[in-house]
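Peer 1: One structure, as structure tokens, below. Some questions next.
No value in this document is a laboratory result; all are computed from the given coordinates. Because the structure is a prediction, the values reported are computed rather than measured. Note that each Cβ is placed from the backbone with ideal geometry, even for glycine, and that neighbours are counted across all protein chains shown.
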Amino acid sequence: MEYFVSLERALELTKQVSVQLDEEEIILDNAHGRYLSRSLESKVDDPPFDNSSMDGFAVRHLDTLSPPVRLQIIGTSQAAAISEELVVEKGQAAQIMTGAPIPIGSDAIIMVEKTKTSTDGEWVEILAEAKPGFIRKRGENLEKGVEALHVGSKLTPHRLGLAATMGYPHIPVYKKLKVAIISTGDELKQPGEELQRGEIYESNSFGLAGLVKELNCIPIRYPACADSMDKLRSALDTAVAEADIILTSGGVSMGEWDLVRKIMEEEGDIHFWRVKIRPGSPPIFGTWKGTPIFGLPGNPVSSHVVFRMLTRPWILEQMGAKGPHETIVPVKLLEDVKATSDCHTLRRVTIYKSDAGMVASMKTHQGSGNLHSLVAANALTYLQPGSTAKTGQTIDVILL
Ligand code: AMP
Ligand code: MG
């Protein structure tokens with residue numbers, strides 16, 4: 001077990017544990033947000049045939065070098081309907097719609113705005129030189145056989161469109177990981193219940209379930225677990241049976257009632273305990289009966305921040321996603337930020353565009369129990385241990 005490790009070391013240690021990922025084949029309609037379990041090569045050329053990028057006329061380029069010229073209209077090429085015998089000879093033109101196949105003999109397109117058709121529809125007057133560039137060549141976007149979607153890619157709307165373009169009605173993806181979420185603490189009550197003195201509403205499991213869903217995994221939210229070794233053991237065992245990954249919240253500090261730490265010390269396998277980040281230094285990572293477990297801090301902001309910094313990148317990498325997993329941007333500080341000498345400092349800030357460029361301000365107090373401050377923020381400072389962060393200085397922030 002390693003104690004109080006750097007953020008980089010914690011990330012390294014999480015990578016030594018992995019989950020078994022199964023594949024499934026699903027239809028494209030259901031694939032949004034999922035992760036490809038195999039790379040896909042195009043089944044077709046894109047586009048599959050030479051076609052027009054404009055409504056207009058397909059012509060022989062040489063015929064249009066000295067406009068205006070009059071050409072004879074021999075027919076129409078519409079999307080998905082080209083008559084085989086449509087052959088453009090010298091002095092002729094074929095009407096053409098965007099996306100329609102290029103008739104034999106033609107090698108340029110004149111857009112309809114640069115033409116005048118005779119009232120009987122027999123002739124077209126070409127008012128400018130036609131453009132070969134308005135022909136989209138077969139395979140110019142993607143050639144058949146080229147691997148354009150890679151294993152581990154998240155199926156964004158753009159990638160779904162490309163999978164369809166490449167001819168896939170269904171695609172191989174990783175099965176959704178199931179993530180058990182166990183909050184711990186005698187003081188926790190479900191929202192809606194009457195609070196007695198000393199009790200608070202349980203919030204971490206709801207936030208964590210949302211964070212898990214954002215990764216397209218399935219959260220299994222258990223009722224809050226009382227601070228009892230037996231109850232905790234039984235909750236963890238149930239989670240092992242039902243989920244691939246376990247998240248707990250609370251009970252990982254030094255106190256006598258920090259039972260997640262205690263039970264992991266006595267019966268689990270801890271890879272590290274405590275990480276050099278502020279907020280969020282208490283987490284435990286290891287396995288419980290072979291299942292990876294992140295023991296997140298109880299303080300609500302800390303539980304979200306630790307998930308973001310440790311759990312999220314690990315889950316993404318389990319699904320084959322290639323980093324970087326964060327968008328980091330430079331911003332100018334409008335106030336001093338209290339940095340620490342030995343930890344990464346991850347304060348909640350609001351960033352926005354001003355006359356001075358992108359700036360960051362801290363609108364709320366930074367207590368790690370203050371979830372409201374996380375709601376008000378849209379970024380976390382990303383300050384290396386030992387760095388300073390004074391007003392006017394430019395620092396990196398992670399976009400939330
Ligand atoms: P702990 O690490 O268990 O000592 O918890 C630290 C702080 O976070 C305490 O003030 C707890 O009441 C609070 N806390 C722990 N778990 C939760 C939870 N699931 N929802 C909201 N607050 C919590
Ligand atoms: Mg507790």
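Peer 1: With label points built 7 Å along Cα→Cβ from the Cα atoms of His61 and Leu11, find their separation and express it in nm.
Peer 2: 5.0
Peer 1: Suppose every K and R has +1 on its Cβ and every D and E has -1 on its Cβ; what is the size of the dipole of the chain about the Cα centre, in Debye to the nearest 20?
Peer 2: With only Lys, Arg, Asp and Glu charged at Cβ, the dipole is about 960 debye.
Peer 1: Out of His150, Ser52, Ile171, whose Cα points farthest toward the positive end of the dipole of the chain (charges: +1 Lys, Arg; -1 Asp, Glu; placed on Cβ)?
Peer 2: Farthest along the dipole direction, towards plus: His150.
Peer 1: Can you put Asp396, Asp46, Asp237 in order, fewest other beta carbons within 10 Å first?
Peer 2: Asp237, Asp396, Asp46
Peer 1: OK, next. Any chance you could list the semi-axes, whole Å, largest first, of the equivalent ellipsoid that the Cα gyration tensor gives for the chain, using √(5λ)? Don't skip to the answer; put the middle values down first.
Peer 2: On the way: eigenvalues 731, 136, 62 Å².
That gives 60, 26, 18 Å for the three semi-axes.
Peer 1: Scan region 185-260 for GluC sites (Glu not before Pro) in coil per DSSP, keeping those whose Cβ has at most 13 other Cβ atoms within 10 Å, and list them by number.
Peer 2: Glu193, Glu194, Glu256
Peer 1: Now a separate question. Tell me, Phe134, Phe294, Phe57 in order of fewest to most beta-carbon neighbours within 10 Å?
Peer 2: Phe134, Phe294, Phe57
Peer 1: What trypsin sites (Lys or Arg not before Pro) does region 304-400 have in DSSP loop regions with at most 15 other beta carbons within 10 Å?
Peer 2: Qualifying residues, ordered by number: Lys322, Lys338, Lys363, Lys390.
Peer 1: If you don't mind, there's one more thing I want to ask. Which whole-number percent is the relative contact order of region 102-202 (Cα, under 8 Å, 6+ apart)?
Peer 2: 15
Peer 1: Here's a follow-up. May I have the pair-distance distribution P(r) for region 59-185, computed from all Cα-Cα distances with 5 Å bins from 0 and rounded to whole percent?
Peer 2: Final binned percentages: 2, 9, 15, 16, 11, 8, 7, 8, 7, 5, 3, 2, 2, 2, 1, 1, 0, 0.
Peer 1: Taking R0 as 25 Å, what FRET efficiency do you get between Ala376 and Asp355 from their Cβ-Cβ distance, rounded to the nearest 0.05?
Peer 2: 0.65
Peer 1: Once fully extended, how much extra length lies between Thr388 and Lys116, figured as 0.36 nm per residue of separation less the alpha-carbon to alpha-carbon distance?
Peer 2: Gain on stretching Thr388 to Lys116: 91.0 nm.
Peer 1: If I take every Cα pair under 8 Å that is 6 or more residues apart in the chain, average their sequence separation and divide by the length, what percent do I get for the relative contact order? Walk me through the numbers on the way to the answer.
Peer 2: Working: 936 pairs, mean separation 65.8, N = 400.
Reported as a whole number, the value is 16 percent.
Peer 1: Using the crude model of +1 on Lys and Arg Cβ and -1 on Asp and Glu Cβ, and no other charge, please compute the dipole size for region 328-399 relative to its Cα centre, in debye to 20.
Peer 2: Values: 7 positive and 5 negative charges, 25 e Å.
So the dipole magnitude of region 328-399 works out to roughly 120 debye.
Peer 1: List the residues of region 66-81 whose backbone N lies under 19 Å from a point placed 7 Å from the Cα of Phe49 along the Cα-to-Cβ direction.
Peer 2: Counting backbone N atoms under 19 Å from the label point, the list is 74-81.
Peer 1: Can you flag which of Lys154/Lys276; Lys15/Lys276; Lys90/Lys144; Lys15/Lys289; Lys15/Lys262; Lys15/Lys178 are past 22 Å Cα-Cα?
Peer 2: Where the Cα-Cα span goes over 22 Å, the pairs concerned are Lys154/Lys276; Lys90/Lys144; Lys15/Lys262.
Peer 1: Taking the chain as a Gaussian network, where each spring joins two C-alpha atoms under 10 Å apart, which residue of Ala128, Ala360, Ala376 fluctuates the most?
Peer 2: Greatest mean-square fluctuation among the candidates belongs to Ala128.
Peer 1: At Glu25 and Leu195, where each label point lies 7 Å from the Cα along Cα→Cβ, what is the point-to-point distance in nanometres?
Peer 2: 5.4
Peer 1: Between Arg38 and Glu214, what length in nm is gained on full extension when 0.36 nm per residue of separation is reduced by their alpha carbon distance? Present the calculation step by step, with values, prior to reporting the outcome.
Peer 2: On the way: separation 176, 0.36 × 176 = 63.36 nm, distance 2.16 nm.
Result: 61.2 nm gained on full extension.
Peer 1: Multiply the residue gap between Phe206 and His325 by 0.36 nm, knock off their C-alpha separation, and tell me the result in nm, one decimal place. Spell out each step's value before the answer.
Peer 2: Working: separation 119, 0.36 × 119 = 42.84 nm, distance 2.27 nm.
The Phe206-His325 span can extend by a further 40.6 nm.
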